[in-house]
Amino acid sequence: MCASLCDAAWRRHVDQHSSRLRDGLAEGCPQSLRKVEQVDEHSSRLRDGLPERCPQSLRKLELAALKLTGLADSRRSWESMSQLEVILCENRGKTIEYIQEHWDEDEFFGYQFLNGLNPMMIQRCSKLPENFPVTDDMVKDSLRGSSLKQEMKKGNIFLSDYKMLDGLVGNVVNDRQQYLTAPLVLLYNNPHGMMLPIAIQLRQKPSKENPIFLPTDSKADWKLAKIFVRNAEFAVHEVDFHLLRTHLLAEVFTVATLRNLPPPHPLYKYAGVGGESLATLLKRATASLTYSALCLPDNISERALENVPHYYYRDDGMKLWNIINKFVAAFLSHYYQCDAHMQKDTELQQWISEIFTNGFLGRDGSGIPSSLQTVTELVKFVTMVIFTASDLNNGQFDFGGWMPNYPSALRKPPPKEKGQTTEDTILETLPDVSTTVNIMAVLRLLTQDSADQYPLGHFPENLHDEEVPCKLIEEFQKDLRKLSDLIEERNKNLELPYTYLNPKNVDNSVAI
């Protein structure tokens with residue numbers, strides 16, 4: 001009886017979402033979102049196989065595992081931060097404990113731009129945006145007497161700009177309007193190699209009612225400004241870097257469909273961005289996505305982050321990219337001895353053409369090739385596909401389990417003046433109890449290993465019996481083990497180990 005009810009709910013869930021997508025909500029997004037009607041042959045398989053993975057059922061199981069079921073419907077505010085500590089008593093690992101202790105410190109706030117869930121937005125800043133009028137007088141204490149011009153010349157000033165969120169209206173969660181900002185964050189890499197925030201503007205248009213918050217402001221003002229930034233980080237990461245780049249592009253690459261990812265993701269029911277704003281953000285993210293942004297070496301170079309210290313995502317990611325690239329180059333060169341062989345492969349050319357057309361909407365400005373002329377081009381593209389489709393979202397509960405560090409929704413608008421924020425204001429702004437525990441359950445679900453999970457380099461289906469491919473796979477696995485050993489040795493000396501690109505923790509493909 002329970003299974004049949006879940007199956008019926010699942011059918012309604014898929015059909016309703018499919019209809020909504022056909023009506024044009026996802027126009028401007030990868031076409032795996034838009035051609036649901038073309039994949040009916042997959043429907044029965046998915047409907048028969050996925051009832052037990054119904055998003056609501058899974059979330060309830062995670063709530064039970066976290067021992068939070070009794071709080072799931074409570075709309076009250078948290079009375080203190082110590083109340084939040086109680087719900088983590090049986091759910092904390094070393095990383096969550098560290099974040100709980102350090103989340104409101106500037107050093108850790110800056111660290112997350114390099115090694116948090118979304119280390120792909122920060123960029124070196126050589127000139128302030130016109131809409132971010134930070135003055136030397138504002139930041140003189142943070143720069144220890146130096147000037148912005150001098151520190152920019154040294155390459156020590158960085159920017160993270162959430163303009164993608166500009167103008168979006170927050171979601172309605174538990175019948176209450178939520179608020180979303182589009183912050184600009186200025187950071188300084190100090191002489192000790194620490195990335196520190198030195199100025200935050202919460203909305204894109206400067207005005208008297210949009211103050212620039214500084215570390216020298218009151219503790220409560222500065223803390224709340226950072227909380228709004230972390231909420232913006234939640235929105236951009238979950239929609240752009242998680243949903244679009246991990247799931248939807250993987251669907252395009254594998255000629256899959258939206259039916260392979262139960263939509264809408266349970267995350268978005270409790271997130272601060274939803275409805276039309278979610279669709280708009282997804283369209284903006286798709287329109288701004290480029291080939292170079294998906295190719296890690298190009299992306300690091302474009303953001304001028306080659307020499308930033310303590311950037312473990314870059315260090316481990318570049319090593320991983322090079323290992324994948326080495327394997328792909330040797331593997332494809334075995335089958336394509338020259339460029340002409342590849343150019344004549346009509347199936348391959350149709351594959352890349354379909355990705356260009358359906359995944360990137362035929363945008364020449366994306367830099368995605370519509371055809372491939374050389375084996376070198378093919379190697380780079382396939383490397384990007386493997387790197388992108390490998391699930392790199394395994395730290396979401398680590399960084400989001402302590403809610404103030406990664407709030408999904410905020411219940412009060414951003415402050416229009418300084419000096420008015422108190423600790424009570426912060427508690428009234430943070431998500432209510434229900435939103436907190438439901439998001440915790442979803443983030444834990446996203447971090448769990450699936451039953452059919454395989455680490456990168458492990459192939460459950462033996463598709464190759466030729467000597468050369470088998471040897472190349474063995475060499476690939478050997479290189480990945482060496483990288484794992486290097487990362488684990490490095491981590492012995494880190495206060496907060498960075499484990500998320502250790503090949504042992506990287507999935508062979510998108511898991512959830």
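The values are calculated or read from the model by the stated rules, or taken from the named source; none is laboratory data. Because the structure is predicted, anything quoted here is derived from the model rather than measured. Cβ: placed from backbone, ideal geometry, glycine included. Neighbour counts: every protein chain shown.
Take the stretch 285-314 and flag every residue that is surrounded by 20 or more Cβ atoms within 10 Å (Cβ to Cβ) and among the charged types (D, E, K, R). Matches in the stretch 285-314: 314 only.
Residues that are under 23 Å from residue 312 (Cβ atoms) and hydrophobic (A, V, I, L, M, F, W, C) within the stretch 157-195 comprise 157, 158, 159, 185, 186, 187, 194, 195, listed in sequence order.
Within the stretch 78-133, being of a type in the set (Asp, Glu) and free of Cβ contacts under 8 Å to residues at least 12 places away in the same chain holds for 97, 101, 105, 130.
In this structure, residue 142 does not qualify as under 21 Å from residue 204 (Cα atoms), of a type outside the set (A, V, I, L, M, F, W, C) and modelled with pLDDT of 95 or more. In the stretch 254-276, which residue that is at pLDDT 60 or above and surrounded by fewer than 21 Cβ atoms within 10 Å (Cβ to Cβ) is farthest from residue 168 (Cα to Cα)? Checked the stretch 254-276; the qualifying residue farthest from residue 168 (Cα to Cα) is 275. Of the helices (runs of 4 or more DSSP H) lying entirely inside the stretch 343-424, the ones with 3 or more residues being without any contact (Cβ under 8 Å) to a residue 24 or more places away in the chain are found at 346-354. Which of the residues belonging to the stretch 210-235 are touching a Pro at 6+ places or on another chain (Cβ under 7 Å) and without any contact (Cβ under 8 Å) to a residue 60 or more places away in the chain? 222 - this is the single residue of the stretch 210-235 that is touching a Pro at 6+ places or on another chain (Cβ under 7 Å) and without any contact (Cβ under 8 Å) to a residue 60 or more places away in the chain. For residue 60, state whether it is among the basic types (Lys, Arg), under 24 Å from the mean Cα position of the chain (by Cα) and at pLDDT 80 or above. When the stated conditions are applied, residue 60 does not pass them. Candidates 166, 141: the one that is of a type in the set (Asp, Glu), loosely packed, with under 14 Cβ neighbours inside 10 Å and in the same structural domain as residue 412 (by TED's automatic domain parsing) is 141.
Of all residues in the stretch 171-181, those being touching a helix residue (DSSP H, G or I) at 6+ places or on another chain (Cβ under 7 Å) and surrounded by fewer than 21 Cβ atoms within 10 Å (Cβ to Cβ) number 1. Counting only helices (runs of 4 or more DSSP H) that sit wholly inside the stretch 85-157, those with at least 2 residues that are over 28 Å from the mean Cα position of the chain (by Cα) are 136-139, 148-154.
Could you check the stretch 407-430 and list, in sequence order, the residues that are at pLDDT 95 or above and either over 25 Å from residue 209 (Cα atoms) or touching a strand residue (DSSP E or B) at 6+ places or on another chain (Cβ under 9 Å) (or both)? Result: 410, 411, 412, 413, 414, 415, 416, 418, 429, 430.
Counting only residues that are out of contact with any strand residue (DSSP E or B) (no Cβ under 7 Å at 6 or more places or on another chain) and among the small types (Gly, Ala, Ser), which one in the stretch 144-163 is surrounded by the most Cβ atoms within 10 Å (Cβ to Cβ)? That would be 146.
Residues that are within 19 Å of residue 163 (Cα to Cα) and either out of contact with any Phe, Trp or Tyr (no Cβ under 9 Å at 6 or more places or on another chain) or surrounded by 24 or more Cβ atoms within 10 Å (Cβ to Cβ) (or both) within the stretch 209-223 comprise 209, 210, 211, 213, listed in sequence order.
Each row is one residue, and each column tells you yes or no for (1) within 16 Å of residue 123 (Cα to Cα); (2) in contact with a Pro (Cβ under 7 Å, 6 or more places away or on another chain).
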| residue | (1), (2) |
| --- | --- |
| 171 | no, no |
| 176 | no, no |
| 182 | no, no |
| 188 | yes, no |
| 201 | no, yes |
| 208 | no, no |
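Restricting to the stretch 489-502, name every residue that is modelled with pLDDT under 95 and farther than 13 Å from residue 313 by Cβ. Within the stretch 489-502, no residue meets the criteria. For the stretch 368-389, a residue qualifies if it is modelled with pLDDT under 90 and under 14 Å from residue 290 (Cβ atoms), and exactly one does: 388.
In this structure, does residue 357 turn out to be surrounded by fewer than 21 Cβ atoms within 10 Å (Cβ to Cβ), within 20 Å of residue 329 (Cβ to Cβ) and either among the acidic types (Asp, Glu) or at pLDDT 85 or above (or both)?
The answer is no for residue 357.
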